[in-house]
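Everything below concerns the one structure shown next.
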Ligand SMILES: [Zn+2]
Ligand SMILES: [Zn+2]
């Protein structure tokens, strides 16, 4: 169906990304003929196409309704909420609303693509009210693994909905006020129709823990370390960076930063008024001038990213930082699902260089998640008391578990968010009313292509099966004028007794014979028929399905 035009008495919710996957969040709320977008993020990689680096929600369903989009509200600066704006804004062309820190992060991205003067960015303050089209929005402070995380109470003529954004309950986040419990508790009296809620950690019992909880274990561990102390964490986790820097300084260490994104985040945070009590960090170039036992290096690359600082250090290819026997590498981070192999490979290399590797454990909790575990979820339900819970921000298993959990916690209605499915929240009971086209867009060089695009399928096929190109120069009666030209890439190992190009050439020479002097067949028929038989014979011989291209040149 097309994107509907909601009436004044209607309130609709439509997720286009992030409901059924972790990452690329994009949600829409509809009322009085207008739609408000909340967040516009990317995801890294793709579960099917290993060659894909960045993907994001396909917004084809909004294509003919751009005039009804009144704004894009960003809840915080994580890539899965903000990272697609500079790719998709040219198709949306709507004003953007973000806190100062998120706006700074966004502006840098817009500069990369020359859009910084095009996009209207409105700075919002946490715990304040704004109006975007028919939506009256109250921005409420949350706590999360980044600074300035916010939720939004979105009120319309058809009722109000509470969009949590990413959150956890932390009253001591070390930077900022933390979650605004006082205001959240008041929402119970405000008849919130639905709470659209983070499902990431619904499978985790208990609570996520406070940023304050990591200080002691980290201090004890770092105190015991000899040699250089490397601590890897997520660049965007400015609170952790602050925690680590203060621990290092309290232990009399000089603190260096390694990794471009770490430096960038610190710069943005300082620009937005944070980290002002920290001294200047040691630069990458000055690391060599600091005595080993006196140095702590906070670095990026905890996920084993190929270009991440820690991976380059593990490979011995980093210009300024290196590991020597007895150094320590602390992972103040979690393993993001899908990165297990790259992390363990990197840790093996670090270990080979003589590093002691330290990770978070039950006994030594040196990382806390930014998302709510079960007890925090039920705490939030009891504060806000929404009529309906809509589970978003999670893979299908998280979302379905969240729905089940909410029902167990006496929430009357609990509905799974599904990308592309419109939920009508009012009037009447919440229900699915239809589905719009949805999917993934993938960054392919300078282009954005859909996940079903032929180019992606072909590349994937070539990657796993190789390719075969055949050029045949034939006379008008389809006789070969010279030897067929055969080129194969990545099809099979070329060994003397089985050269795939020789094998294909012999086959082609025979296969073309039935067409000699034939008036019955035309060029395109022969081309297609020979391509198909070539595919068959390659499948039989090599058990592979390569990309096969056959050119038939008619020579006069
Ligand atoms: Zn987040
Ligand atoms: Zn998120």
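Since every read-out is calculated from the coordinates, none of them should be taken as a lab result. Quick caveat: nothing in here was measured; it's all calculated off a predicted structure. Note that each Cβ is placed from the backbone with ideal geometry, even for glycine, and that neighbours are counted across all protein chains shown.
Numbers below:
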read-out	value
C-alpha long axis of helix 523-542 to longest principal axis of the chain, angle in °	70
Per-pair calculated FRET efficiency, R0 = 25 Å: residue 336 and residue 107 via Cβ, rounded to 0.05	0.40
Contact order normalised by residue count of the chain, Cα under 8 Å, 6+ apart, percent	15
Sorted peptide list for 125-138, 160-173, 62-75, 507-520, criterion being average Cβ within 10 angstrom, highest first	160-173, 62-75, 125-138, 507-520
For the stretch 243-342, diffusion coefficient by Stokes-Einstein and Kirkwood Rh (Cα), 20 °C, 1.002 mPa s, µm²/s	148
Debye-sum result for the chain in log10 I(q)/I(0), which assumes one identical scatterer on each alpha carbon, at q = 0.05, 0.07, 0.12 Å⁻¹	-0.28, -0.52, -1.11
Full-extension gain in nm, residue 469 to residue 353, via 0.36 nm per residue minus C-alpha separation	37.2 nm
Inter-label distance, nm, simple model (7 Å from Cα along the C-beta direction), residue 537/residue 509	1.1
Mean Cβ neighbour count within 10 Å, used as a protection proxy, ranking 530-541, 256-267, 235-246 highest first	235-246, 256-267, 530-541
Pairwise label distance in nanometres, residue 118 with residue 7, each label 7 Å out on the Cα-Cβ vector	3.8
At q = 0.12, 0.13, 0.15, 0.23 Å⁻¹, base-10 log of I(q)/I(0) for the stretch 304-414 (Debye sum, equal scatterers on each alpha carbon)	-0.61, -0.67, -0.76, -1.23
Inter-probe distance in nm under a simple model that places probes 7 Å from Cα toward Cβ, at residue 250 and residue 125	3.2
Relative packing of peptides 419-431, 139-151 - highest average C-beta neighbours within 10 Å first	139-151, 419-431
P(r) tail fraction, the stretch 195-289 - alpha-carbon pairs more than 15 Å apart, %	67
Rounded to 5, percent antiparallel among DSSP beta bridges of the chain	50
Computed lengthening from residue 443 to residue 223, 0.36 nm per intervening residue step minus Cα-Cα distance	74.8 nm
All-pairs Cα distance distribution in the stretch 405-556, expressed in whole percent, bin size 5 Å	2, 8, 13, 13, 11, 9, 8, 6, 6, 5, 5, 5, 4, 3, 2, 1, 0
